[in-house]
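**Q** Attaching a single structure in structure tokens format; questions to follow.
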Amino acid sequence: MSQKPSIAEILAKPDQREALFDRATLKEETRTVEVAFSSEVPVRRWYGKEILSHARGAINFERLKSGRANLLVNHDPGDWVGVIEDSRVDDDKVGRAVVRFGNSERASEIFRDVKDGILASISVSYRRDEMKLTKTGSDEDDEYTITRWTPLEVSLVTVPADHTVGVGRAADTQVHQPAAAAARKEHQMKAGESAPAGGAAEVVTVVDHAAPERLRILTLQTLAKTHKIDDEQRDQWINEGVTSEEAAQKVLDIIAERAKKGVKDNPARLGLSAVDINRYSLTRAIKACVEKSWPKVAPYEAEISETVARRLGRANSGEHTFFVPLDVQWANAMQREQRDLVVGTASAGGYLVGTAVLGFIDVLRNRSVVMRLGATTLPGLVGSVSIPKKLTSASGSWFATEAGTATESNLTFGQVPLVPKTVGGYVEISRQLLLQSTPNAEGIVNTDLASVIALAVDLAALVGPGTAGQPTGIAATTGVGTANPTAGTNINYADMIRFQTTVAGANAMLPGFGYVTTPTIAGLLMGKPRFTNSDTPIWGGNILDGSLVGARAMTSLQVSSATMFGGDFSQVVVGEWGVLEIEANPYAQFQAGIVGVRALYSCDIGVRYAAAFAIGTGMTA
């Protein structure tokens, strides 16, 4: 297991143990037999080794001594054949019970089978009430002692589970409570019931629906509660059979949609019209910083900056600094998505929109390889946010015998916290460019600033170390696969396929798979055929944006030499926080009239599923 379960998770799951009848205790006249149903011998469970304490007061016999605890067949509440008359713990720390068979035809039939040795196995269902970790080792060797537990009922089982684990014990049944079919009818427990289901009078077909379904429901409930998904949506997912992994993706989609809507409600967005957005000039604001003359040069931009600062509860840092509202940062993107800006009429903004340059966000994303390959973006965030992250995968299992039980998958989810981290970009522009208040000049300044920020975000997404205020990128995320080329050979088509087989081998091959490498490696692959005597190159398309083994492939100088990334880049989540803060230094190169401009932007990066990626190094011609 990659993450140890909590005590609460373990306590939430009832369980079973199996033993054998002592036929010598059978009394025909009273139709009773004594069974030893538990001991302190360790049994391996899904979370480690388990010891049932038999100390004084450890076992809650209330149910067994109530006269309401039944003797069942294969844990089927509908197949009742007797009652539990007495229960105790002996000095040898073994739990024992006396069971009495009823007088019905069915009970008499089962009693005869027990007397004749045809039925010799029992199974006791119990609930963990209190437990503690008594020995720490590896995940599989952790030892837990159940310090308080409640036996629920005793059942005769027609086909016992594997008794090789412990003495007279079943192999780990975890939370599965075998559901048997009577006359081909399946009985499933409702979530929250503690007594196991199942049992057949004639034909027994053992299946295991209760445990996986309960785990699915619990996971969906936890995801919904953690991420504030409304009850109606949660119940719809449960009723439609949405899997845990599908629910986690749906939660991320909801978070992303909330973030997009959050752009509209973000305090850094002022609700500017198309005319107002196009009236805003980044170069004019920078020029005002340089000349220290906001009222004369850029009164409109000064008012905008002061409004943003006031709404964010921040001080306007001075005459050399200003804040850019989200309306301007998003520019074209907001116009495309919201469809609420008037651009059809020239006098209402049509002329201006026709000459508008790309907004800061558009440029930033267009310059980022990771974002262009499909990274999930959460724009306009306010405060920290957590996204669901799959820790371990679900898996199926086959029954070893007719009455076997399925091994419950240890499917777990965690969270990737996204916390604002500030990245700074610095460019130098000429004073003459600032004097040219044209759309082209505006575009150059905007593009330069967005590009340097994009490079920093891209680098962090790929190789961010997660230290010194930097995000954690793909390369630093634990669990990423390795797809190095075959030792002693040059890179070839098989080496490119290895990226996909590595990810697919981790059950993480998703439709958004893509490659990122250096232009040098792309050039090498463009000059190599996929197969001998073939003229089809390994890398198709151009050197910047091509295709590789049927997937999109791009190049970036951000990637280290001889290195390639392959994976589903939608599993990279980029959180963006609103305000863009710009500061101008009029003395960067005083003699040449060069102005230095620094942009500060807040974002963070998280990888939801590390196994969705593989990295190859040591790639040579």
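**Q** Does Tyr609 satisfy the criteria of being aromatic (Phe, Trp, Tyr) and more than 14 Å from Ala375 (Cα to Cα)?
**A** Values: aromatic (Phe, Trp, Tyr): yes; more than 14 Å from Ala375 (Cα to Cα): no.
Here the answer is no, as Tyr609 does not meet what is asked.
**Q** Could you please find all residues in region 499-524 being under 29 Å from the mean Cα position of the chain (by Cα) and farther than 17 Å from Phe569 by Cα?
**A** Gly505
**Q** Give me the pairs, please: first residue somewhere in region 215-234 and assigned by TED's automatic domain parsing to the domain that holds Glu257, second residue anywhere and among the basic types (Lys, Arg) and part of a helix (DSSP H, G or I), beta-carbon distance under 6 Å, and either six or more positions apart or on two chains.
**A** What qualifies is Ala224/Arg234.
Listed here are the residues, each with its yes/no results for (1) surrounded by fewer than 19 Cβ atoms within 10 Å (Cβ to Cβ); (2) under 28 Å from Val324 (Cα atoms); (3) at pLDDT below 90; (4) not polar (S, T, N, Q).
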position	(1), (2), (3), (4)
Gly443	yes, yes, yes, yes
Ala450	no, yes, yes, yes
Ala468	yes, yes, yes, yes
Ile474	no, no, no, yes
Leu510	yes, no, yes, yes
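**Q** In region 599-618, how many are surrounded by fewer than 18 Cβ atoms within 10 Å (Cβ to Cβ) and assigned to a strand (DSSP E or B)?
**A** Residues that pass the stated criteria total 2.
**Q** Might you check whether a residue that is assigned to a loop (DSSP other than H, G, I, E, B), at pLDDT below 85, β-branched (Val, Ile, Thr) and surrounded by 15 or more Cβ atoms within 10 Å (Cβ to Cβ) occurs anywhere in region 226-242?
**A** yes
**Q** Still on this structure, please answer the following. Spot the failing condition for Ala621; the list is (1) crowded, with 24+ Cβ neighbours inside 10 Å; (2) in contact with a helix residue (DSSP H, G or I) (Cβ under 6 Å, 6 or more places away or on another chain); (3) in a loop (DSSP other than H, G, I, E, B), and only one is missed.
**A** Unmet condition: (1).
**Q** To continue, here is another question. Do any strands (runs of 3 or more DSSP E) entirely within region 533-597 hold 3 or more residues that are surrounded by fewer than 18 Cβ atoms within 10 Å (Cβ to Cβ), and if so, which?
**A** On the way: elements: 539-541, 545-548, 551-555, 564-568, 572-589.
Strands (runs of 3 or more DSSP E) meeting the threshold: 572-589.
**Q** Tell me, yes or no, whether region 515-538 has at least one residue that is within 30 Å of Ile254 (Cα to Cα) and either at pLDDT below 90 or among the basic types (Lys, Arg) (or both).
**A** no
**Q** For residues that are farther than 22 Å from Glu62 by Cα and surrounded by 14 or more Cβ atoms within 10 Å (Cβ to Cβ), scanning just region 114-132, find the one that is farthest from the chain's Cα centre (by Cα).
**A** Among those that are farther than 22 Å from Glu62 by Cα and surrounded by 14 or more Cβ atoms within 10 Å (Cβ to Cβ), it is Lys115.
**Q** Sort out which residues of region 255-266 are farther than 16 Å from Lys228 by Cα and either of a type in the set (A, V, I, L, M) or at pLDDT 75 or above (or both), and write them in order of number.
**A** Val263, Asn266
**Q** Shifting gears a bit: Can you pull out the residues in region 274-292 that are under 19 Å from Arg598 (Cα atoms) and small (Gly, Ala, Ser)?
**A** Ser281, Ala285, Ala288
The values are calculated or read from the model by the stated rules, or taken from the named source; none is laboratory data. Computed from a predicted structure; not experimentally measured. Backbone-built Cβ (ideal geometry, glycine too); neighbour counts: all protein chains shown.
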